[in-house]
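To start, the structure itself, in structure tokens.
What follows is calculated from the coordinates using simple rules that are stated; it is not laboratory data. Because the structure is predicted, anything quoted here is derived from the model rather than measured. Here the Cβ is made from the backbone with ideal geometry for all residues, glycine too, and neighbour counts use every protein chain on show.
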Amino acid sequence: MNGLKNLFALCINGSAAIYFLAEGMVNKPYALVMAVGAIAGGYACAGVARKMSAQAVRRVVILIGLGMALSLLVGKK
């Protein structure tokens, strides 16, 4: 079931990405930098997360989420 869920997520997100690209709603240079950063971060942090305890990973995820929420709350308007 997890594989099926991932396939559906790929289809849904892929469709959205194609639509946004086709409509010219994407700043391609920024999107490329973001994609490279996401891929590099995913590979690098997966190895780091495997070496950390589950509790530490949860805490880091919570702190990152809270930081992002705070930045959106008090960020530029």
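Scan segment 39-68 for residues that are exposed (fewer than 10 other Cβ atoms within 10 Å of the Cβ) and either under 15 Å from the mean Cα position of the chain (by Cα) or hydrophobic (A, V, I, L, M, F, W, C) (or both) and the total you get is 4. Mind checking which pairs have a first residue in segment 15-35 that is among the aromatic types (Phe, Trp, Tyr) and a second that is surrounded by 10 or more Cβ atoms within 10 Å (Cβ to Cβ), Cβ under 6 Å, 6 or more apart or different chains? Close Cβ pairs (under 6 Å, with a partner that is surrounded by 10 or more Cβ atoms within 10 Å (Cβ to Cβ)) amount to Phe20/Val26.
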